[in-house]
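The values are calculated or read from the model by the stated rules, or taken from the named source; none is laboratory data. Keep in mind that what you see is a predicted model, and the values were worked out from it rather than measured. Cβ: placed from backbone, ideal geometry, glycine included. Neighbour counts: every protein chain shown.
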């Protein structure tokens, strides 16, 4: 039998005794993880992660958390490490359980009480850990969790109660976004039956306590409880209106009304601009009543007019401070929801009401405030996220705009008349007093927002409301502003004007958009990060535009070439500006520029590549922006593609330039960059001529590819397989014999084949080996390889694996012949081939519509059908018609584009912890490869072979006659299309 990948790829599992010595050692390493010195911190973190598979390790962490004698910083560190351990390991993947069953049960037995008895800083970490465990185990494998938590409500100790509520909120929050299913309904019913009444009782009791207690510290705790209760209410009511909450709606709604209208003391302990507990509580109540108004309109109708009055009075009473932003946003969303209901439109129909809404609610909330200006200057990244990335869903401006759009839908003329006048007055004010630029900002915002009826990320606004003539507005108020010489004057207005062009790029005349490129290039030198970022983003969007009729780019290489040097120089200047060293908008604009210029940029590429490598060396020291990093590697890949597609011999120049920085990344184990480096190395290898000697630096790296830890990171596997297969396909016979390290390659194959998620990679690697490895090298191991394949089939059979195995068996037939496969399988077990034929090759779901796989299956099964005498005359003739049916079924499948081994979605790290994932570089995509390129039309191939077989064995007509009428007609069509008759 084959060994596993290597001896050291097997994790040694050990039992860690729960001793004082081990607790002390663990605490020492936890302390080191807090060190500011990376040379101390990183080894400690790696050591702790290496303990993941050790029995009792999570229990030791809990012991450290529990032990008062340890320093609080160490206990907090232990709680964070424990939470991350749970996040990494609790989910069982591919039946590889890294946590011992006894440890799992011990954790679930003790964690709730430990969480509730811990200080708040630890409590939050353990609460998150409980939520992660609950995601996989609750309720089926942890049915007692809910009862254990509910019992704590009776303690009357709100530090404990709040811990329970925080955990419940984290546990139930998934009900807000999970798809409806019977499993989900069952779980929610289980929760409601146990939790709805205790939660309601706790809500009422806590409301009563707020009337009794006057001390601010006590009220702060109580209102925190009410906030968590309201959040849980939202989660439990999101999927459908539970019967219990419908029956007790008056209890909840009356108390919501009290919390929205009562004069609650200011319990904030500081004057922070962040929303305090009261603002958060009222904001959550607004979310709750918005949900009821949207989803349960009929049941909620009795209370709606009351809440309209509450919300109106609330909005009129709130100031412009940032701490009220989310509350105002949610309150405005409630009004929008009500205004969008036909039965309530009479509340807004009066012109006086509309005027008051516009004057007292809309306009104050679209003004550019001091806090917005501070955000623009001090936190430009957040400003950009809100303004052009659409993360402003909770802002006053967005909510006010949404309300206007709803009102415009039903009262278009009245609203248009009101706002056209406001826009006109604001622009006149700015013209008379340029220092009053906030007026122009509000005017541009109103026009930009209110004109947008339909919008896409790719094209910007595609449908407009004709509030104003957009082109005329641009000519009068946008372009003149941008043509002013000083790019640093009134940066907010400059950003507004650029955003206007970006938003309406497909609406404005093409000549105006193309003509704006030189002006936008000028703004790449602006000091404001927002301004030069918007300029880069707008340039990238314009360069990606296509003519809707011809689908050709509206800006091609010939149109861009005159501006190219200045544009490229401007982009690199912007990348050197403070705060924009890793600006993904600028890098994407650079990538798009090179893509449009293509081969016309070759004279400038040496200088460009040098600057890209300098940038890569810098960011490799501390990768922080995954979107920038991805665009950077895409740009390098594009440079390689542009040059080497024309002159493959230039690949050596790229190797000389890139290998030093690649070596730094690999030696430093920069996790985020490894999948990218593997893709670029694959790309460089694939541009090399097959059969030529591979340069020595590649073979110095080759041994590194078999490092076990690399294969434990799922994000590495696909690019590693691509790189490994690139080596295999480019080695000449001498290199194959001396440097292939076949046993290590087969170890990789074996590791992957037992993974449900990665078995296709193992089969693909085996197919490449079969095609490229000399038979004398592979032959001694072929029987062991097939035993591994069959073990996986026996232990964990999936449709995906059966399909992949079918493709591989058919490829074996094509490569070595039918008799070779029969002999090989039957040497493992008597008559095994026909068992495999019946259970795998003839499985109803084994066929594939992917072009390359479909071709392999049809050709392989055709050879099986026509080259196996035992199927025509012998004990196994019963299979012949079924093979014919399988071929017909495969041929008639609608063909899909080949599932190139690199054809995956781009996945970038998101919130909730960093994990290295495979991020495909589109410009480094592996060229489509057909291992059967000598065979043309598969229908013709099949028809000719069937005709030849019929000539020699006319008795097969008896088998053909057993086909159904539909199959017979399909077969006739296939034969007729190839001008063959049988």
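Conditions (1) modelled with pLDDT of 90 or more; (2) farther than 21 Å from residue 719 by Cβ; (3) buried (at least 16 other Cβ atoms within 10 Å of the Cβ), marked per residue:
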residue	(1), (2), (3)
887	yes, yes, yes
890	yes, yes, yes
911	no, yes, no
921	yes, no, yes
941	yes, yes, yes
945	yes, yes, yes
964	yes, yes, no
979	no, yes, no
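Checking every residue in the range 789-808 against the condition of being surrounded by fewer than 20 Cβ atoms within 10 Å (Cβ to Cβ) and on the phi > 0 side of the Ramachandran plot gives zero matches. Is there a residue in the range 318-326 that is in contact (Cβ under 8 Å) with a residue 12 or more places away in the chain, within 34 Å of the chain's Cα centre (by Cα) and not in a helix (DSSP H, G or I)? Looking through the range 318-326, none of the residues is in contact (Cβ under 8 Å) with a residue 12 or more places away in the chain, within 34 Å of the chain's Cα centre (by Cα) and not in a helix (DSSP H, G or I). Test of understanding: among 575, 618, 612, which residue is within 22 Å of residue 665 (Cα to Cα), within 29 Å of the chain's Cα centre (by Cα) and surrounded by fewer than 19 Cβ atoms within 10 Å (Cβ to Cβ)? It is 618. Run down 199, 241, 226, 236 and say which single residue is at pLDDT 95 or above and not in a helix (DSSP H, G or I). Just one listed residue meets the conditions, 241. Restricting attention to the range 693-703, does a residue exist that is farther than 18 Å from residue 729 by Cβ and either modelled with pLDDT of 95 or more or in contact with a helix residue (DSSP H, G or I) (Cβ under 6 Å, 6 or more places away or on another chain) (or both)? So far as the range 693-703 goes, yes, one or more of its residues are farther than 18 Å from residue 729 by Cβ and either modelled with pLDDT of 95 or more or in contact with a helix residue (DSSP H, G or I) (Cβ under 6 Å, 6 or more places away or on another chain) (or both).
Looking only at residues in the range 273-297 that are in a loop (DSSP other than H, G, I, E, B) and touching a helix residue (DSSP H, G or I) at 6+ places or on another chain (Cβ under 7 Å), the one that is modelled with the highest pLDDT is 276. If I ask for residues that are within 26 Å of residue 755 (Cβ to Cβ) and free of Cβ contacts under 8 Å to residues at least 40 places away in the same chain, which ones from the range 683-711 would you list? Across the range 683-711, the qualifying residues are 701, 702, 703, 704, 705, 707, 709, 710.
The residues on offer are 124, 98, and the sole one that is closer than 30 Å to residue 755 by Cβ and either surrounded by fewer than 16 Cβ atoms within 10 Å (Cβ to Cβ) or in contact with a helix residue (DSSP H, G or I) (Cβ under 8 Å, 6 or more places away or on another chain) (or both) is 98.
From the list 765, 680, 720, the lone residue that is crowded, with 20+ Cβ neighbours inside 10 Å, in contact (Cβ under 8 Å) with a residue 40 or more places away in the chain and more than 24 Å from the chain's Cα centre (by Cα) is 765. Just one residue in the set 345, 413 is more than 30 Å from residue 534 (Cα to Cα), free of Cβ contacts under 8 Å to residues at least 12 places away in the same chain and out of contact with any strand residue (DSSP E or B) (no Cβ under 8 Å at 6 or more places or on another chain); that residue is 413.
The rows are residues; the columns are (1) surrounded by 18 or more Cβ atoms within 10 Å (Cβ to Cβ); (2) within 29 Å of residue 65 (Cβ to Cβ).
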residue	(1), (2)
133	yes, yes
136	no, yes
161	yes, yes
178	no, no
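Within the range 683-696, the set of residues being in a helix (DSSP H, G or I) and either at positive phi or surrounded by 15 or more Cβ atoms within 10 Å (Cβ to Cβ) (or both) comprises 683, 684, 685, 686, 687. Of the residues making up the range 658-691, those that are under 15 Å from residue 610 (Cα atoms) and in contact with a helix residue (DSSP H, G or I) (Cβ under 6 Å, 6 or more places away or on another chain) are 659, 661, 662. Please verify whether the range 787-799 includes one or more residues that are part of a helix (DSSP H, G or I) and under 30 Å from the mean Cα position of the chain (by Cα). Yes: the range 787-799 contains one or more residues that are part of a helix (DSSP H, G or I) and under 30 Å from the mean Cα position of the chain (by Cα). Looking across 311, 278, one residue alone is closer than 21 Å to residue 398 by Cβ, surrounded by 19 or more Cβ atoms within 10 Å (Cβ to Cβ) and outside the structural domain of residue 374 (by TED's automatic domain parsing). It is 311.
Counting only helices (runs of 4 or more DSSP H) that fall entirely inside the range 104-188 and contain at least 2 residues that are over 32 Å from the mean Cα position of the chain (by Cα), the qualifying elements are 145-151, 158-172.
Return yes or no: is residue 592 within 31 Å of the chain's Cα centre (by Cα) and free of Cβ contacts under 8 Å to residues at least 12 places away in the same chain? No; evaluated as a whole, the condition is false for this residue.
With respect to (1) in contact (Cβ under 8 Å) with a residue 40 or more places away in the chain; (2) crowded, with 21+ Cβ neighbours inside 10 Å, the lone exception for residue 782 is condition (2).
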